[in-house]
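Have a look at the structure below, then the notes.
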Amino acid sequence: MATKVKRTYSSRSRLSLPSSSPSSSLTSTTKRKLLAEGTENEPPTKRRITTKVKALPSGRSEKSKQRVLRQLHFSLDTSVLRTCSTCNLSYTRGAPDDESLHRAHCSRVQKGMEWGREEEREADKAGVEEVRSGVKLKDGKKGRIICFKTNVSGRIGSKLAILLETINLALSSPPLSHDILQCSKAYLFLIPSLTNAHREKIVGCAIAQRISTAMVIATPAETLLVHDSNRASDRDPLPPSSTHHLVAVDTTSGLFCHPEGLPTPLGIPRLFVSSTHRRQGIASRLLSAAAATFIYGCPLDPLKGDIAFTQPTEGGSAVMQSWGGGGVRIYEE
Ligand SMILES: CC(C)(COP(=O)(O)OP(=O)(O)OC[C@H]1O[C@@H](n2cnc3c(N)ncnc32)[C@H](O)[C@@H]1OP(=O)(O)O)[C@@H](O)C(=O)NCCC(=O)NCCS
Ligand SMILES: [Zn+2]
């Protein structure tokens, strides 16, 4: 029988409702390319690992022949592509640039980036607000939550750009569009640095975006019906039900949605906590702060369906359940 599911989104690609073909995920090569195009404190620059060599007419000098050999050498590089199990990044082992970019990225993923005096100096001008202070974590550490617009410029803008690049690489997500960055807010969780009294660490980040509609996640019972009817044979179809119209957000996690877009004010297109600070309640605190303060004077409630995520990862789904009590919706970024 015809499939009950309208369409399937591939796990980490951005979903696009009207399209009929599933989009592809970023490959390791794409990830590597993304990494290669941005470094810690500079605007993205084009850095090429491979060199294109044009086909040579016959009778060329020895020097030209060497260029052909060089190309061969570069194509062998793919065999030393390594994927780090800690940060999930693929890079070329032995290529000094790649190795050092990986080291910087890996450390940011694990420990977070710094928020120092230079950032504090610009904080007022950049409209940085402290929305929560003295937030106690499970391990007893205390932190604070700050918030600012994502179109901020200057030093804080560059810091946010690197943070977002790190998050996108870790999630294999594309960069957030210019339009989204124009109207969103970043919520950062800061904890005091262990080594420097004047510095803090950015250990968590939630991006909050004004959206208009989002889809309700199907209940486990509705999802089960989809599985059952998919398994049923053509001669033994189940009676039509609302599950006919469910949309699969992620087939591996079995997340299904009702495709109707319902009015929903707040979207979370990115959520990230550095790996050594997870399971301390940081993501949940960031989400609560965003829900409470994103629209001035109008606290939002996940249980009422006010908040939506883009395609969640496994960890994202777990937080969605635990923090949002099943009321979080799904939207297209
Ligand atoms: C997903 C992520 C943001 C969670 O951050 P966090 O600060 O560890 O989340 P919290 O501590 O607030 O978790 C709250 C609850 O969610 C659930 N949860 C969170 N992460 C989980 C995980 N990896 N597996 C199972 N349950 C999880 C738990 O119920 C947890 O409560 P508990 O620790 O008391 O059991 C973090 O793991 C992360 O950055 N992962 C990589 C990026 C990512 O996947 N982002 C989500 C994009 S949608
Ligand atoms: Zn790594």
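The values are calculated or read from the model by the stated rules, or taken from the named source; none is laboratory data. Please read these numbers as outputs of a predicted model, since none were measured by experiment. Don't worry about glycine lacking a Cβ; one is built from the backbone with ideal geometry, like all the others, and counts go over all protein chains shown.
The table that follows gives values for the structure above.
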read-out: Restricting region 78-106 to residues that are hydroxyl-bearing (Ser, Thr, Tyr), under 26 Å from residue 278 (Cα atoms) and out of contact with any strand residue (DSSP E or B) (no Cβ under 9 Å at 6 or more places or on another chain), the residue that is farthest from ligand 1 (Cβ to nearest atom); value: 100
read-out: Subset of region 141-172 [at pLDDT below 95 and at positive phi]; value: 172
read-out: Enumerated helices (runs of 4 or more DSSP H) restricted to region 87-173, each holding at least 2 residues that are within 16 Å of ligand 2 (Cβ to nearest atom) and out of contact with any Pro (no Cβ under 8 Å at 6 or more places or on another chain); value: 96-111, 154-171
